1. Total Å² of accessible surface buried at the B-C contact, 1.4 Å probe, nearest 100?
2. Return the carbon/sulfur percentage of the accessible area of the protein assembly as shown, one whole number, probe 1.4 Å, all protein chains in place.
3. Per residue, how big is the convex hull of the range C:15-300 when only Cα atoms are used? Give it in Å³.
4. What is the dipole size for chain B, taken about its Cα centre, with +1 at each Lys and Arg Cβ and -1 at each Asp and Glu Cβ, in debye to the nearest 20?
5. Would you mind giving the total buried accessible surface between chains B and A, with a 1.4 Å probe and ligands, DNA and RNA left out, rounded to the nearest 100 Å²?
6. Net charge near C:I58: determine it from the other residues with C-beta under 11 Å of the C-beta of C:I58, scoring Lys and Arg +1 and Asp and Glu -1.
7. Can you give the calculated 222 nm mean residue ellipticity of chain D, where each DSSP H run of n ≥ 4 adds -39,500 (n - 2.57) and the sum is split over every residue, rounded to the nearest 500 deg cm²/dmol?
8. Based on the mean of other Cβ atoms within 10 Å per residue, sort peptides C:197-207, D:53-63 so the most packed one is first.
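The values are calculated or read from the model by the stated rules, or taken from the named source; none is laboratory data. Values in this document were obtained by computation on a predicted structure and should not be read as measured data. Cβ placement follows ideal geometry from the backbone for every residue including glycine, while neighbour counts extend to all protein chains displayed. The area values use the complete protein model at the heavy-atom level, side chains included, leaving out ligands, DNA and RNA. Shrake-Rupley method; radii C 1.70, N 1.55, O 1.52, S 1.80 Å.
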Amino acid sequence: MVKVVKPLGDDKLPLTKPMVGVAGKTGLWRNMKPVVNVDKCTRCYQCEIYCPVNTIIVEPETGAVINYDYCKGCGLCADVCPSGAIVMVPELGE
Amino acid sequence: MGLKLALTGNHAIAYAVKLADPDVIAAYPITPQTPIVEKLAEMIEQGELRAKMIRVESEHSALAACFGAAVAGARTFTATSSQGLLYMHEFVHWVSRARIPVVMAIVSRTINTPWNIWPDHSDFVDQRDAGWVMSYAMDSQEAFDLTLQAFKISEDPRVYLPVMIGIEGFIIGHTAMPVEIPDEKQVKEWLGERRQPYVIDGSEPLGLGGLTFPEDTEDMFYHIQEAMGNVKKVIKEVDEEYGKLFGRRYGGLISCYNCTDAKYIAVSMGAWSGDLIEAVNKLRDEGYPVGVLRVRYYRPFPIEDVWEIVQNVKGIVVFDRSISFGAWGQIYTDLAAGLSLYTDKLPRMANIVAGIAGVNVTSEDFYGMLKSFIDKSESGLLDRNYFTWIKIRR
Amino acid sequence: MSGVETRKLPLPHDARGRVLPGDAACPGCPIPIALKVVSAVFGEKAILVIPACCTSVILGTYPGQAIKASVVHVPFASAAAVASGVSQALRSRGIKDAYVIAWAGDGGTADIGMAALSGAAERNEDIIYIMYDNEAYMNTGIQRSSSTPKGAWTTTTPTGKIENKKDVARILIAHGVPYVATSSIGYPHDLYSKLQRAKNIEGFRFIHVHAPCPPGWRFEPQYTVRVAKLAVETGLWILYEYHNGKLTLSGPSRPYIDPAKRKPVEEYIKLQGRFRAVTEDLINEIKKYVDENWHWIKKMSQ
Amino acid sequence: MLYEIIFLGRGGQGGVTASNILVQAAIYENKYGQSFPFFGAERRGAPVAAYARISDKPILKHGMFNEADVLVVLDDSLIKLGVAKKYTIRENGVLVINTQEKIVTRDQLSARGKVKVFAVNATKIARELGLVVAGWPLVNTPMLGALISSNGFISLENVVKATLNYFGGKLGARNSEAIKRAYGETSYVGEV
């Protein structure tokens, strides 16, 4: 049997807990931005499955929805989208 | 009172581990530690010990597996020596910095090359910066007691640091001596359930040891130093409790012999302290006011206890069975550095390194070395502190 | 792409919210994709034992971690050994619903961690060992590993690696462990079903996941999946399972047993800057290497 | 005189390279220099700083610094997003910025006193010279040109020499061209 007892001095321990944004708002890293054309979106889930930052959620009602706070702009979603519903546009409008 | 058996130091440690009822043991054989692991394997196969044994492929993996098991809530034990200890050295640091209780026995043997399996303290003291509580026994009984106490100390919430117990290979490791084994039920009650500061077993998503910025890491290391301060108190408490329950007290971090009225103190660690005591007996008979201060815990270094003993003495001789090449014996280094923080008037001091690589040192040798130091010091011939490496040839 | 089939599979919803946005991976990194699949199968009951590798950094900085699972970070050579310890402790404590997963890169598996891996496999420890293979030491800045393919540039093989890739899955098959599989981040559903299978097998399970790395392989980050699929479609990377002494070719690789169906390896190679200096002769050698691998697969699956 | 300079950019834009070239150029002038990256992981696109010290005497300092005489911002989005505020510009300090808009307000900066602002459209220069990797214009060398144009503590000649030496060949020539153009196109915007 094991009992978990906190250190009496309340020592700082090298423990971590799940957290969104451990590397900050990674949306800052972007120079190209994926934009979804909901009408073209077939709700195939490819972008959600492959998004390396887990910033895309596909729902039947909404289609693919991207969380731009964390999207790093890698463009992978646009590359895997079979219906051309996601296009990459310059972040700064250049 | 329990059973009294003739046990080698190695087997004494195995018996203590058995009483501590560990969940997981992982080890790799190396001379002169192997009999510990063999004995434990035998106990497991005979059903006397319920622990799972991981017969790993290296010492690095031995401590790695113990670490993993400890993190997941298991009481664990491993043992090694010399090259094996050096091979696992990376993990020695890893475990303490994770603040996870683990107990390990070191059956000392010198460090190679050349191949040599005889004992000195070089493998043990090499771990001194790693954040482990480090104890060293003088005989099989003490090896037994220290091992059992190690689990208690390691799992104390004021400590939460791994503990290692050292004995010399062959001199203690393979030498049978009387060992009293306390009652199993009584030990179990005293030791209690395994305690640790966190557990990773899937009950909640928790991470250990992830990337940490300098400031936070430094905080964590500072707390290890703080915990080392607490260890001193805990060791004394545990020694006291153990004495009450099982009849043996050692006095804490150091053990003193004839120190109260001594004008000269000889400092040592491990088995040869016995030979040193014999030498001191003879010197006392001849009127020399000399005592022995034996270091039982090398980390945390017992500088407060040492200072209490030596503050009024004329001279201190530290016998080291290891050498930091290019510097001095490690116990001397720590003791001198520690005393320098207590006083600006150090007594006359000498550091004698001997018994390296298993060279035999007898009580006659100690008698000669000590007598020479005291005689020279008293006659005013010794006008400075000194370091020497005594090579004993017979 | 197989949109219709995908909708039937539970992966997206199983995986949601477990690998968290805002991790420290490079854009286009394959590692969070694979972690997402692992999370879909094991959820919060995964205990990931992670040696020094990209993932040590990707999961982020104290006091946070980018995954809802347990994580034990360990020294480079020790993933399989620590995982063995965790697994034995759980067994000793009677905990049956947690899954111990060693999660290591190719360096931590094929090189420095090989002894511990072999030891744990030989002891048939009850763990799942996942090697995500980005074919070099990426975390230290793209140095060659024994898993780097022939011809590939790395900072320590500036003119291209001379030796062939070490085949770790075959080494594990030789250990006689209950389950060995190869997979790829290009095929998350293949990985998903392999992990599901592995989950229900007791003993040592090894899964080798091919994971193309944009900065390390010198391709644009949007092509991670494209490159991963091309490795399979050219026959360079073969997906299979080895279970109960039998080798079975997996769905995505099945067509490519027929050499005529394979895409030319040049398609795979030209997408990646790391193969820029590859000569015609070397391409022929790579083709020969592909044929030899398929020969072995055919022999083993008979 | 010791100048401390921070290059603030994004992973992959070449801030560290710019800092290294600057130090090499200082050495050509018998000055002393130091350049170092932020000690941590760098990811493409992530905000990242590189540091340089230039002096006419040997430099003994080794500490990190977040307060500088010159802040070189390789990407003006880092000002708009507030990242630049993590670094403080010293009294009589200089901000050199890659922008097309030439608008910087005081509240976007952290500064001890007035800040002299210099601006250049380094992105345009990099694009026109084909200095682009993975969609990211490599604005490091043009910004180096802008930096020395704003201050003058290192000559254009030596920065070009160091650049040619660093890259060699065609790439060296293109980067040198970028430096020269930026040197000429950098304009003083005013004080904020």
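1. Chains B and C together bury roughly 2800 Å² of accessible area.
2. In the protein assembly as shown, the share of accessible area belonging to carbon and sulfur is 52 percent.
3. Working: hull volume 32.9 nm³, N = 286.
For the range C:15-300, the hull spanned by Cα atoms encloses 115 Å³ per residue.
4. The calculation lands at about 680 debye.
5. On the way: alone 16750 and 7250 Å², together 21990 Å².
So the total buried area for this chain pair works out to about 2000 Å².
6. 0
7. Details: 6 runs with 66 residues, N = 192.
The per-residue figure over chain D is -10500 deg cm²/dmol.
8. Going by the mean number of other Cβ atoms within 10 Å, highest first, we get C:197-207, D:53-63.
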